[in-house]
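See below for the structure under consideration.
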Amino acid sequence: MRLEDFLLMRHELLLTLIAIIILIAEIFTDDFKKQGIRPLSIILMAIVTIVGFLPAPTGTLFGGMYQATDMRLMMKNILNIGALIVFIQSASWLKSDDNQNKVSEFFLLLISTLIGMNFMISSGDFLMFYLGLELATIPIAALAAYDRYSNKSSEAGIKLILISALSSGILLYGISMIYGTVGSVYFDKVSVAYGATPLQIMSFIFFFTGMAFKISIVPFHLWTADVYEGAPVNVTSYLSVVSKGAAVFIFSIMLVTVFQNIAAMWKDVMWITAAITMTLGNLFAMRQNNLKRFLAFSSISQAGFIMLGIIGGSELGMAAVVYYILVYIFSNLGAFGVIAAISNASGGKENMSDYDGLYKTNPALSLTLTLALFSLAGIPPVAGFFGKFFLFTAVAEKGYWWLLTIAVLNTIISLYYYLLPVKAMFINKAETSIAYFKSDGWTKVGLIICVAGMVIVGFASVIFEYIRTLSFGL
Amino acid sequence: MVTFSNIVKYAWLVPLLPFAGFLIIIFFSRLLKGKSSGIIASALISLSFLISLLMFFAQSDSAVKSITLNIFSWLDVGALKIPFELLIDPLSLNMMLIVSGVGLLIHVFSIGYMLHDERFNTFFAYMNLFSASMLLLVMGANYLILFMGWEGVGLCSYLLIGFWFKNDLYNLAARKAFVMNRIGDLGFILGIILLFFTFRTLNFSGVFAQLSAFTPNNSTIVIITLLLLVGALGKSAQIPLFTWLPDAMAGPTPVSALIHAATMVTAGIYLIARSSLLFNLAPFTLDIILAIGLITALFAATIGIYQNDIKKVLAYSTVSQLGYMFIALGLGVYSSAIFHLTTHAFFKALLFLGAGSIIHALSGEQDIRKMGGLKKKLPITFLTFLIATLAISGFPPFSGFFSKDEILMAAFARNPLIYVLGLFGALMTCFYMFRLLFLVFYNQFRGTPEQESHIHESPALISVPLIILAILSVVGGFLNFPEIFGGKAAQANFLSVSLTNYASNAGHMAVSTEWILMAVSVLFLLFIVAFAYNRFIKQKMLPAGDEIPLAFIPKLLSNKYYVDELYNWLIVMPYTALSEKVFPKMELNIIDKTVNSFGEYTMWLGEKVRRIQAGNISFYVFAMVTGVIFFIIINLYF
């Protein structure tokens, strides 16, 4: 192996490098000067994100354990964008007194999960995959418990770690069965030898459970409600967007490659879970008054929609999934960003009724939130519409008419609750609506990126066309 | 040397430039002071005109007459492949030159006319947006792009009719235009959908290439053409969808000239001419078009005789002239329809701009009973108005004579009765136009002395476009100088690449018959002018004031046959009654209940499901394990 082969791991190496830089910065700054780490981390992350888009070589490393293809690089870039937005959005929150001393902790933990996700996406065998998965999960438990003096936050951390331990156990059990029946953990070998013996089917379901936990598919989603609510807003947004996106990426890759022999079987499983997930997610979201919880549940329903593309199994479907995640990052982070900004400025106001008449006092924020919710609901011409449209096309192409009907019905239901906050902001009158406030620079930058993303990704068909051209081959 | 294929590569600039103008004016509205936005708008339109002109000249030297320019693939989902393509061929070039050329003159006119309006910038933004949409409409290479432009011009028309939105009546007029057009558009959309399902493409060339598989009066083709016709009726203000056009005169006068006389209202004629091959396969539809055109031409002309608002007279004359174009379409002589469309664009734009100049000079007065004697005070306006009146009445050698004559000859070849009716309409046109001319420009001024002291000839910005249009109204007829006078029917030959006439242009008529018919019509016209002269100048008769009761027929005509009232009584009132009495019950008991119970049930389910979410982690684990077992069971045993 030559030294320049390490260039294939550019994303992981760069992230490791900035993690080390932040660590050094943490060691060599005084306790009361930690604030400087915020811009440092954001700028470093921005550099990594931009460098990620430079043309890069593709190939395999470590005898196929690590694989770099154009599609996987694209996925990593999308995750980098998401992480960068979360970084920017966290800046003003990290400035508060409670978080003074643990600024670098936040960034370090986040970067480690991102490294884990990158390894997971690039994995060529189950061991690398598992390693990445754990690295992407365990630090998140620590992040969820970031407000360690808040009961809810620590409860979220404990719950996350417990459930993830269980799902990891089941997943590992599944992998051991795969190794037991096939005699290899390399994806290419497994995909050839995989059959439909009962043991192999069981191994797939165990494996599926582990992924379903990460993507929060019903009935493996129950942890999300408590964790999303308990964790700080920025961690929740990261969890519901970037972390979920990474799991969707690797899962969709594995389904069409490793498990292609039993496609007929997993498509049935997916069909059922997708329908249930969309519907239950919607039912949960409908009754929420707390906007944070509301978005958390809507993200469960979104996971159901994302699975439509995976079921399609076609190249169009895969491109639709990747595109949708990209759109979803901008939309969901945009919504979370507004909610976090308002929560920070108004002393924790997160309820729907607090937003009455917000348009009168804070028009820019209201419009951003409206745009984000429209995008999530899939109202044209925002990017979310095209995302959903392509997902639906992928399903229709394969003739899943019933699933499509369910999906469309769910879209209509989701329209109802996505428009509730919009109604509150624009139509409802309030005695005392949240007063006008000026957002700080970081928040503005974060929101502008989200709005630009929602609009540009929607109108520039080039982006979707480009994703389509990336062959989904591994 | 610019070759056609080279210059066509820049055809996309033609609609894009005015659109850019729209964006610039909208976004930098605050920075644009004085005339600047009008100048920007006019400059961009003139660039479009220049490119169109270059393309026209390059094309006449070129062997290739028609080029399709692919801009990008617009929609590409499954079977639905719609490229964003522009078609540059004689027909579209003809329309582009009219839209950008006449459009440019009207833009320049508007700089002078709208100068003191507080929404000057917005006006030009809308005008540019309109020009862009109209150019897109005539340049699109498939029905969807045509429809895009179609909706764009509809929107601009709506915005510009209601431009002075502080007046409620004007808003109502805008709404009426919008609703009437919506009815037409519905037909058009259905037509497009049916086209797609029949031919699996929306490209003009793709559709026309498959037509050989159909026999004449094939029911699908007839339905498609009828649906397209509904769209054309709405846009081109034909019976029964014509009542919006006279009301549309609420907009500023340049808008009436550009949108409601020269360009947008001819979109329906363009649509049918563009689909000439399709309509040739549906003689049934052509007959309907002929009937509608004939009725509209006569009907509107009779109303025109009794109108006292200068713009209303012109509006009804537009409806009537559009009726003539429909007659031509119905006779299958599409090139004559386009010829009349072209000359009409010149003289009708001129008439409207002249009216605008008069209204401008009289500080907003539109009632012809309060005008008179303006000949001396507005010499340029008078002269140009006179030329336009001669042109629209059909006096040789003015443009209207040739284009109208061509239609009437084709009518005679089909059936002398159609000719007689057509001629009758033309005579009425002549009468009300000269009535207008005499009442406005001759005798004594009948307005207030205060108005009289203000009368002044309009500035150059207003009068120069009038003069140019007047020249065009005179010479426009030579575009298609008929063979009988030793001409070459140049425009018809030019258009033959795009249009296929159903019937040949009166080819089988004896030359002597043609001469006799022309002589007869000119004689009749002279007689009508003499009659009008005697009535309005010699006897100084004035239309009665509004308070004097009229005899039955004049009353019927001046109230426009009560069509508005009829529509109100037939459609609006029953609809209002239904929505007040029946729909509330239906809505409450059936629709609301269904929707609400769906919502309530979902809410109830949501409440139930939420209970699961109690925060108990051992239940979570239990649910996960149950899920695993459930999946194993269904996969292993089913």
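The values are calculated or read from the model by the stated rules, or taken from the named source; none is laboratory data. Everything quoted here is computed from the prediction, not taken from an experiment. Please note: Cβ atoms are built from the backbone with ideal geometry, for glycine as well, and neighbour counts cover all protein chains shown. Note: areas computed on protein heavy atoms with side chains; ligands, DNA, RNA excluded. Shrake-Rupley method; radii C 1.70, N 1.55, O 1.52, S 1.80 Å.
One residue stands out in region A:258-274 among those that are assigned to a helix (DSSP H, G or I) and open to solvent by less than 10 Å² (accessible area, probe 1.4 Å): the one that is farthest from the other protein chains (Cβ to nearest Cβ), namely A:274.
Residue-wise test of (1) free of Cβ contacts under 8 Å to residues at least 40 places away in the same chain; (2) in a loop (DSSP other than H, G, I, E, B); (3) farther than 26 Å from residue B:459 by Cβ; (4) not β-branched (Val, Ile, Thr).
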site: B:104; (1), (2), (3), (4): no, no, no, yes
site: B:124; (1), (2), (3), (4): no, no, no, yes
site: B:132; (1), (2), (3), (4): no, no, yes, yes
site: B:147; (1), (2), (3), (4): no, no, yes, yes
site: B:159; (1), (2), (3), (4): yes, no, yes, yes
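Among the numbered conditions (1) away from every other protein chain (no Cβ under 14 Å); (2) within 30 Å of residue A:104 (Cβ to Cβ), the only one that residue A:151 does not meet is (1). Remark: pairs (first residue in region B:248-259, in contact (Cβ under 8 Å) with a residue 12 or more places away in the chain and among the β-branched types (Val, Ile, Thr); second residue part of a loop (DSSP other than H, G, I, E, B) and open to solvent by less than 10 Å² (accessible area, probe 1.4 Å); Cβ separation under 9 Å; 6+ apart in sequence or on different chains) = B:255/B:163; B:259/B:251. Among the criteria (1) over 28 Å from residue B:602 (Cα atoms); (2) open to solvent by 10 Å² or more (accessible area, probe 1.4 Å), the one residue A:293 does not fulfil is (1). Considering A:196, A:212, A:165, the condition of being of a type in the set (A, V, I, L, M), within 14 Å of chain B (Cβ to nearest Cβ) and open to solvent by less than 10 Å² (accessible area, probe 1.4 Å) is satisfied by A:212 alone.
Taking region B:378-483 and the helices (runs of 4 or more DSSP H) fully enclosed by it, the elements with 1 or more residues that are of a type in the set (Val, Ile, Thr) and either out of contact with any helix residue (DSSP H, G or I) (no Cβ under 7 Å at 6 or more places or on another chain) or under 30 Å from residue B:294 (Cβ atoms) (or both) are at B:379-393, B:399-414, B:416-441, B:460-475.
Filter region A:378-415 down to the residues that are over 26 Å from residue A:333 (Cα atoms) and either touching a Phe, Trp or Tyr at 6+ places or on another chain (Cβ under 9 Å) or β-branched (Val, Ile, Thr) (or both) and list them by number. The answer is A:395, A:400, A:402, A:403, A:404, A:405, A:406. On inspection, residue B:261 does not qualify as of a type in the set (Gly, Ala, Ser) and more than 24 Å from residue B:97 (Cβ to Cβ).
Within region A:68-75, identify whether any single residue is touching a His at 6+ places or on another chain (Cβ under 7 Å) and either part of a helix (DSSP H, G or I) or loosely packed, with under 14 Cβ neighbours inside 10 Å (or both), and answer yes or no. Checked against the condition, which is being touching a His at 6+ places or on another chain (Cβ under 7 Å) and either part of a helix (DSSP H, G or I) or loosely packed, with under 14 Cβ neighbours inside 10 Å (or both), region A:68-75 yields no hits at all.
Against the conditions (1) under 25 Å from the mean Cα position of the chain (by Cα); (2) on the phi < 0 side of the Ramachandran plot; (3) within 14 Å of another protein chain (Cβ to nearest Cβ), residue A:241 satisfies every one except (3). Among the residues making up region A:382-419, a single one is of a type in the set (Ser, Thr, Tyr), part of a helix (DSSP H, G or I), in contact with a helix residue (DSSP H, G or I) (Cβ under 8 Å, 6 or more places away or on another chain) and away from every other protein chain (no Cβ under 14 Å): A:418. Taking the criterion of being under 22 Å from residue A:287 (Cα atoms), at the interface with chain A (Cβ under 7 Å from one of its Cβ atoms) and modelled with pLDDT of 70 or more, the residues of region B:607-638 that qualify are B:607, B:615, B:617, B:620, B:623. Number of residues in region A:172-187 that are surrounded by fewer than 16 Cβ atoms within 10 Å (Cβ to Cβ) and within 17 Å of residue A:65 (Cβ to Cβ): the value is 3. A count restricted to region B:173-191 and to residues that are at pLDDT 85 or above and open to solvent by 10 Å² or more (accessible area, probe 1.4 Å) stands at 3.
Every condition in (1) within 30 Å of residue B:637 (Cβ to Cβ); (2) in a helix (DSSP H, G or I); (3) within 12 Å of another protein chain (Cβ to nearest Cβ); (4) under 23 Å from the mean Cα position of the chain (by Cα) is met by residue A:159 except one, and the failing one is (1). For the criterion of being within 16 Å of the chain's Cα centre (by Cα), over 20 Å from residue B:477 (Cβ atoms) and open to solvent by less than 10 Å² (accessible area, probe 1.4 Å), residue B:330 fails. Picking from residues in region A:244-280 that are modelled with pLDDT of 85 or more and small (Gly, Ala, Ser), the one that is farthest from the chain's Cα centre (by Cα) is A:275.
Only residues that are open to solvent by less than 20 Å² (accessible area, probe 1.4 Å) and not β-branched (Val, Ile, Thr): list them for region A:331-351, please.
A:331, A:332, A:333, A:334, A:335, A:336, A:337, A:340, A:341, A:343
Within the set B:143, B:170, the sole residue that is in contact with a Leu (Cβ under 6 Å, 6 or more places away or on another chain) and either of a type in the set (Ser, Thr, Tyr) or open to solvent by 10 Å² or more (accessible area, probe 1.4 Å) (or both) turns out to be B:143. Residues to consider are A:405, A:393, A:432; find the one that is within 24 Å of residue A:322 (Cβ to Cβ) and either open to solvent by 70 Å² or more (accessible area, probe 1.4 Å) or not hydrophobic (A, V, I, L, M, F, W, C) (or both). Of A:405, A:393, A:432, the one residue that is within 24 Å of residue A:322 (Cβ to Cβ) and either open to solvent by 70 Å² or more (accessible area, probe 1.4 Å) or not hydrophobic (A, V, I, L, M, F, W, C) (or both) is A:393. Does residue A:190 satisfy the condition of being of a type in the set (A, V, I, L, M), buried (at least 24 other Cβ atoms within 10 Å of the Cβ), over 17 Å from the mean Cα position of the chain (by Cα) and more than 9 Å from chain B (Cβ to nearest Cβ)? So residue A:190 fits the description; yes. Among residues of region A:283-300 that are within 12 Å of another protein chain (Cβ to nearest Cβ) and part of a loop (DSSP other than H, G, I, E, B), those with a Cβ under 7 angstrom from a residue that is of a type in the set (Asp, Glu) and open to solvent by 10 Å² or more (accessible area, probe 1.4 Å), sequence gap 6+ or separate chain, pair up as A:287/B:607.
Of the residues B:578, B:570, B:557, the single one that is surrounded by 14 or more Cβ atoms within 10 Å (Cβ to Cβ) and either modelled with pLDDT of 75 or more or more than 11 Å from every other protein chain (Cβ to nearest Cβ) (or both) is B:557.
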